[in-house]
């Protein structure tokens, strides 16, 4: 087999793989951006009271709180 034939075979193989990937992507269920944004907004609003970055962490439950002061300085 000539190098041209091998090149052509590899090109055909790559195209087949690309077609398979496109078919998998075409079968995926899609959601409209407006629906996804609304769901994301609702999720964040529902979970905001439990978010430590928004409401803070009580010092009694903070694992990173310094328990003692540094004696070196």
Checklist line | Reference-scaled alpha-carbon Rg (2.2 N^0.38 Å with N residues) for the range 3-43 | finding: 2.09
Margin query: Give me the one-decimal nm value for the distance between modelled label points at residue 6 and residue 67, 7 Å along each residue's Cα-to-Cβ direction.
Written below: 6.7
Check: Modelled label-to-label distance, residue 16 and residue 30, 7 Å Cα→beta-carbon offset: nm?
Finding: 2.8
Item checked: Value at 222 nm in deg cm²/dmol, rounded to 500, when DSSP H runs of n ≥ 4 in the chain each add -39,500 (n - 2.57) -> -19500 deg cm²/dmol
Next item on the list: Pull out a ≥ b ≥ c, the square roots of the eigenvalues of the alpha-carbon gyration tensor of the chain, then state rounded if a/c is under 1.5, prolate if not and a/b is larger than b/c, and oblate in the remaining case.
Entry: oblate
Notebook entry, point to check: Taking the highest mean first, how do the peptides 55-65, 6-16 order by number of other beta carbon atoms within 10 angstrom per residue?
Noted result: 6-16, 55-65
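Laboratory data are not the source of any read-out in this text; all were calculated from the coordinates shown. Keep in mind the model is a prediction, meaning the values are calculated, not measured. FYI the Cβ positions are ideal-geometry reconstructions off the backbone, even for glycines, and counts take in every protein chain you see.
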